[in-house]
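**Q** My structure is below; once you've seen it, I'll send some questions.
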């Protein structure tokens with residue numbers, strides 16, 4: 001074995017060590033954190049007064065039926081409708097009124113994982129703007145919207161209405177019936193403690 005050949009392996013071994021050492025150290029750190037880090041508590045929904053909201057969540061099928069019933073009572077025609085995971089409803093509607101009518105895009109979600117942020121709202125608004133024949137968009141979220149989302153939607157060129165759970169409950173009460181609003185108030189995401197009672 002020549003002395004020069006042994007020296008040429010040392011830089012290669014050193015480079016391999018420099019590449020693998022951070023990976024091994026990172027893997028060990030992740031293992032330690034996963035083992036000893038405390039679990040993050042989920043935020044529970046509370047009613048006014050600090051009590052936990054014990055009402056059940058509305059099912060996806062019940063939510064879709066409610067949205068379709070509201071759309072029909074508003075005099076809008078359904079062109080296309082689909083239901084995704086978690087009861088998320090996407091609809092293309094048509095307002096049949098002459099001169100003022102047109103196509104409306106609707107996105108409704110019963111998921112109560114936290115307020116909808118501005119990224120999701122702006123993504124929907126961009127979809128409405130990109131759809132050449134769309135008159136406006138309607139975004140219904142029982143979880144509500146963050147303050148940033150409410151502010152950001154005003155800066156978009158696409159007209160989008162944001163409807164949270166309390167506003168949706170009021171639409172159901174005025175456009176469908178007080179009995180259907182009572183059914184909604186039995187579920188989380190539709191209004192406050194006064195509506196649940």
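The values are calculated or read from the model by the stated rules, or taken from the named source; none is laboratory data. Everything quoted here is computed from the prediction, not taken from an experiment. As a convention, Cβ positions derive from the backbone with ideal geometry for all residues, glycine included, and neighbour counts pool all protein chains shown.
Each row is one residue, and each column tells you yes or no for (1) out of contact with any strand residue (DSSP E or B) (no Cβ under 9 Å at 6 or more places or on another chain); (2) within 21 Å of residue 54 (Cβ to Cβ); (3) at pLDDT 90 or above; (4) not in a strand (DSSP E or B).
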| site | (1), (2), (3), (4) |
| --- | --- |
| 163 | no, no, yes, no |
| 168 | no, yes, yes, yes |
| 173 | yes, no, yes, yes |
| 179 | yes, no, yes, yes |
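**Q** Looking at this structure, is residue 119 part of a helix (DSSP H, G or I), crowded, with 16+ Cβ neighbours inside 10 Å and assigned by TED's automatic domain parsing to the domain that holds residue 166?
**A** no
**Q** For the range 134-151: of the residues being surrounded by fewer than 18 Cβ atoms within 10 Å (Cβ to Cβ) and part of a helix (DSSP H, G or I), which is farthest from the chain's Cα centre (by Cα)?
**A** Per the criteria, the residue is 151.
**Q** Working carefully through the options 108, 125, find the one that is touching a residue at least 40 places away in the same chain (Cβ under 8 Å), within 23 Å of residue 157 (Cβ to Cβ) and either outside the structural domain of residue 189 (by TED's automatic domain parsing) or within 19 Å of the chain's Cα centre (by Cα) (or both).
**A** Unique residue meeting the criteria: 108.
**Q** Which pairs turn up if I take residues in the range 154-166 that are surrounded by fewer than 16 Cβ atoms within 10 Å (Cβ to Cβ) and look for partners that are in a strand (DSSP E or B) with beta carbon separation below 8 Å, at least 6 apart in sequence or on another chain?
**A** If the second residue must be in a strand (DSSP E or B), the pairs left are 159/135; 159/136; 159/137; 161/136; 161/137; 161/138; 161/139.
**Q** Taking the stated definitions as given, is residue 99 crowded, with 18+ Cβ neighbours inside 10 Å, modelled with pLDDT under 90, in the same structural domain as residue 176 (by TED's automatic domain parsing) and part of a loop (DSSP other than H, G, I, E, B)?
**A** no
**Q** Follow-up question, since we're still on this one. Kindly indicate the residue of the range 72-87 that is closer than 26 Å to residue 113 by Cβ and in contact (Cβ under 8 Å) with a residue 24 or more places away in the chain and also surrounded by the fewest Cβ atoms within 10 Å (Cβ to Cβ) among those meeting that condition.
**A** 86
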